[in-house]
Amino acid sequence: MQETQCVATESGTELQGAGLSAVYDATLGAQRERRRTRATLLMLACVGVAVTLLWSFAMPNFRGPDEVQHIDIIFEMTENHSFTTSRDYKPHARALVVSDIAYNGDLSSLHALGTDVIPRNKRPAFTDTPDLRSGSNQLNQHPPLGWGTAVVGSEIVGIFSEPSDWAYDKYVLLLRFFNALHMGFVGPLIYVSVRRLKGPHAVALLAGLLPLAIPMATNISGMMSNDGMLLLVGAGFAYCVARVVTGDYKIRNNVGFGLVIAAALLTKAWGLLLLPTTAFVFGSQWWVDRRHRFEILLASFATGVTATVVGGWWWVRNVVVEGAVQPHHAAFRPVPEGFTPMSSWAWMRMASAWLTRRFWGWFGTFVDKVRLPLWLATLATVVALICVVFAFRRSTTAVRIFSIAGLGLFFVNSAEVLRQARALHLEHGGIQGIQGRYMFIALPMLAISSAFGAGYLARRWQRFLPLLGLVAAIVMQTLAFRAVLNKYWGPVGGSLRDQIWALRQWTAVGSLGAGFAVLLIAVCIAWCIWCCLPRREAQPAAV
């Protein structure tokens, strides 16, 4: 009897020891997972800002879309602490005057034709010129939050030194820096969204890197614009949708969801498209998750009320005061006499090609365009759509609802861009409303769906996906940088060395500052390469 008890006791001890070992291994694995997640999030943030800042240095001043007008809005909000929506608003002429001084009035040729470099200590400040007002600025039709980061950053810097008194290029670089900070949150938000949807680490890392494979996204975020904020709220929206489709119906969290939508509504009109997308998400959850229908109704109510009260008032005000959801302040010329619009088929072919190319890469102003090859943009689009389609194969219901919502947002957004551009063409003979950056609010959701599809296609080689995404980002960014260098820097047809030398001469910081910036960016990119190297997932310990 005693021997039997002894054996039982020893067996129980062995089982207890095995159980403790399993718990220890699980705890150790959870700690390693948390450390890996923190390191990945920090890496995505640093690399996102680093690549975007490269564009801040590489693009000449005032060459971003409407960058002069954006700087004027910053002037008005920081110096006069006001924001007017009046059609009669007259912008500051300082940015135009300084650009004329800096480039001898020849903005179309700029550096490529060998404009003489102005020494850094002789470059004028915006405040060196009279505060004259002339012309018009149609950007005040947008809500003010899109410039919020630059305004707050300028005010903080202004405590120590008035940035508008700096040389113009240093001030522009400062504004671009604050705008580039948005990209530091896009990749991490995409990563945690995929993890929330139960995607593996490799798929989540691939999704976080995909925005870097779209040069237009990093380019426009490195300029002074309100599109960087739009991209950020799109990433926040994707994370909130991921929480809802995985069963998060807490009122507190969905009030936060409403605040994200409100931020989009106070950034640009494209935020309005998030409202029907949100309704679809909650409606789908109400249909699928029948046990929690009451909680879903409360969550949707909290989201809708918060978004409407905090951000929707702007658009209600437009309808009441202006008589339109977004009144156009730009003075369009009437259609020329005898004007014959393009046929619907011919116009659609042209507009689709423009929209595709400008989504991936279209740098500069309307007059002075730098483009990626159409075949490259088309190939990238086809690959992305194939991956999105495969995201529906063997996916969870949550991933499918998420992907449908993202695709719907993207296509409705695209259709609205084309509709407005077609109306502009018919009524005024113009075609300038076709811009791929208008669709960037849907980019984070598309990146997540594409990564899930790629994960399905590469089921046995998923650990190689981040490295593949990094290679794609490097190739796309390299082609885009070369196109910009060839267009703007150094003599026409000059070598890469001449172009880099011209860029160094014109940049707002000296050789020491530029060298430090390049070193810091190189370290961030090397860190990214290290994190993307394929590694096998740790196997659970045997019990």
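The values are calculated or read from the model by the stated rules, or taken from the named source; none is laboratory data. This one's a predicted model, so the numbers in the text were calculated from it and none came from an experiment. When we count neighbours, we look across all protein chains shown, and the Cβ atoms used for this are built from the backbone with ideal geometry, even at glycine.
Quick rundown of the values:
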| read-out | value |
| --- | --- |
| Residue, nearest to PHE62 (Cα to Cα), within the stretch 487-539, restricted to residues that are charged (D, E, K, R) and either touching a residue at least 40 places away in the same chain (Cβ under 8 Å) or surrounded by 14 or more Cβ atoms within 10 Å (Cβ to Cβ) (or both) | LYS487 |
| Check on ARG349, modelled with pLDDT under 90, charged (D, E, K, R) and touching a helix residue (DSSP H, G or I) at 6+ places or on another chain (Cβ under 6 Å) | no |
| Among (1) out of contact with any helix residue (DSSP H, G or I) (no Cβ under 9 Å at 6 or more places or on another chain); (2) of a type outside the set (Ser, Thr, Tyr); (3) at pLDDT 85 or above, the one test that GLY513 misses | (3) |
| Matching residues, the stretch 361-390, being part of a loop (DSSP other than H, G, I, E, B) and surrounded by 20 or more Cβ atoms within 10 Å (Cβ to Cβ) | GLY361, LEU372 |
| Candidate set: the stretch 191-205, residues that are among the aliphatic types (A, V, I, L, M) and within 15 Å of ALA39 (Cα to Cα); chosen: the one surrounded by the fewest Cβ atoms within 10 Å (Cβ to Cβ) | VAL192 |
| Helices (runs of 4 or more DSSP H) wholly inside the stretch 175-243 that include at least 2 residues being among the charged types (D, E, K, R) | 183-196 |
| Hits in the stretch 148-196 - residues which are in contact with a strand residue (DSSP E or B) (Cβ under 9 Å, 6 or more places away or on another chain) and of a type in the set (A, V, I, L, M, F, W, C) | TRP166, ALA167 |
| When residues of the stretch 35-83 are limited to those that are in a helix (DSSP H, G or I) and among the polar types (S, T, N, Q), the one nearest to ASP169 (Cα to Cα) | SER56 |
| Residue satisfying condition, being under 17 Å from the mean Cα position of the chain (by Cα), in the same structural domain as PHE402 (by TED's automatic domain parsing) and closer than 18 Å to LEU139 by Cα, within set ILE261, ILE220 | ILE220 |
| Whichever residue in the stretch 123-163 is under 16 Å from GLN326 (Cβ atoms) and part of a loop (DSSP other than H, G, I, E, B) and, among such residues, is farthest from the chain's Cα centre (by Cα) | ASN137 |
| Those residues of the stretch 323-367 which are free of Cβ contacts under 8 Å to residues at least 60 places away in the same chain and closer than 21 Å to GLN141 by Cβ, in sequence order | GLY323, ALA324, VAL325 |
| All helices (runs of 4 or more DSSP H) inside the stretch 256-360 with 3 or more residues being of a type in the set (Val, Ile, Thr) | 274-288, 293-307 |
| The stretch 254-269: number of residues that are surrounded by fewer than 24 Cβ atoms within 10 Å (Cβ to Cβ) and of a type in the set (Val, Ile, Thr) | 1 |
| Residue among ARG400, ARG357, ARG393 that alone is of a type outside the set (Asp, Glu) and buried (at least 20 other Cβ atoms within 10 Å of the Cβ) | ARG357 |
| Complete set of residues in the stretch 165-207 that are basic (Lys, Arg) and either under 30 Å from ARG120 (Cα atoms) or touching a Gly at 6+ places or on another chain (Cβ under 9 Å) (or both) | LYS170, ARG176 |
| Contacts under 8 angstrom Cβ, first residue in the stretch 379-401 being outside the structural domain of ARG459 (by TED's automatic domain parsing), partner assigned to a helix (DSSP H, G or I) and charged (D, E, K, R), 6 or more apart | none |
